[in-house]
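Okay, structure first, notes after.
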Amino acid sequence: MAVEETLVLIKPDGVARSLTGEILRRIEAKGYSLVDIRLVQPDRSVLAKHYEEHEGKPFYEPLVEFMLSGPIVAIRVAGDRVIEGFRSLAGTTDPTTAAPGTIRGDFGRDWGLRVQQNLVHGSDSPESAARELSLWFK
Ligand code: RTP
Ligand code: MG
């Protein structure tokens, strides 16, 4: 067993489309635990830190604007290998090609927008999870 914690964000598109309950249901149905949860309207500085690895990329500015467009649900999730496991539940980044059965594959839409609005974020490594959890749950 390798019990880990990860940061899951339900992005503004997921909250606006009333998919919060469906996404939480999938996390719980998989057997993961919700340790903490909050509805947040982050300021730009939190997003700049959260997405610092993407600064300078063409999608960076539209991504930050998108993440500022409405409330976000931040969740501390615990479970055995949950970092990798949640990314598997979420599906690949592009919602058009994400596999059916995943959150992004089942519900993600590609509107031809400047940034992929793909409903959820999940930390991608133990180092990212620790950094992101301390940013969103101070
Ligand atoms: P996340 O960090 O949100 O869990 O997603 P990810 O690892 O699958 O994707 P990443 O490469 O870290 O990109 C972060 C977020 O930026 C948006 N994005 N849009 N070309 C595009 O339109 C594009 N590329 C990236 C997505 O919202 C992605 O989740
Ligand atoms: Mg990422």
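Listed values, structure above:
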| quantity | calculated |
| --- | --- |
| Where a residue in the range 73-99 is more than 13 Å from Leu24 (Cα to Cα) and its partner, wherever it lies, is basic (Lys, Arg) and more than 9 Å from ligand 1 (Cβ to nearest atom), with Cβ under 9 Å and at least six apart | Gly79/Lys30; Val82/Lys30; Gly85/Lys30; Pro95/Arg109; Thr96/Arg109 |
| Unique residue being at pLDDT 95 or above, more than 16 Å from ligand 2 (Cβ to nearest atom), within 16 Å of the chain's Cα centre (by Cα) and acidic (Asp, Glu) when the list is Glu22, Glu53 | Glu22 |
| Selection status of Val73, away from ligand 2 (no atom under 16 Å from the Cβ), under 17 Å from Leu19 (Cβ atoms) and among the β-branched types (Val, Ile, Thr) | yes |
| Search result, residues across the range 53-94 that are in contact with a Leu (Cβ under 9 Å, 6 or more places away or on another chain) and charged (D, E, K, R) | Lys57, Arg76 |
| Residues that are surrounded by fewer than 20 Cβ atoms within 10 Å (Cβ to Cβ) and β-branched (Val, Ile, Thr), drawn from the range 74-101 | Thr92, Thr93, Thr96, Thr97 |
| Among (1) within 11 Å of ligand 1 (Cβ to nearest atom); (2) farther than 13 Å from Val8 by Cα; (3) part of a helix (DSSP H, G or I); (4) touching a Leu at 6+ places or on another chain (Cβ under 6 Å), the one test that Val115 misses | (3) |
| Enumerated helices (runs of 4 or more DSSP H) restricted to the range 33-93, each holding at least 3 residues that are near ligand 1 (Cβ under 10 Å from one of its atoms) and not aromatic (Phe, Trp, Tyr) | 60-67 |
| Evaluation of Phe107 against (1) surrounded by 15 or more Cβ atoms within 10 Å (Cβ to Cβ); (2) closer than 25 Å to Ala48 by Cβ (one fails), failing number | (2) |
| Subset of the range 25-35 [buried (at least 21 other Cβ atoms within 10 Å of the Cβ) and under 14 Å from the mean Cα position of the chain (by Cα)] | Ile27 |
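The values are calculated or read from the model by the stated rules, or taken from the named source; none is laboratory data. From a predicted model like this one, the values you see are computed outputs, not experimental measurements. FYI the Cβ positions are ideal-geometry reconstructions off the backbone, even for glycines, and counts take in every protein chain you see.
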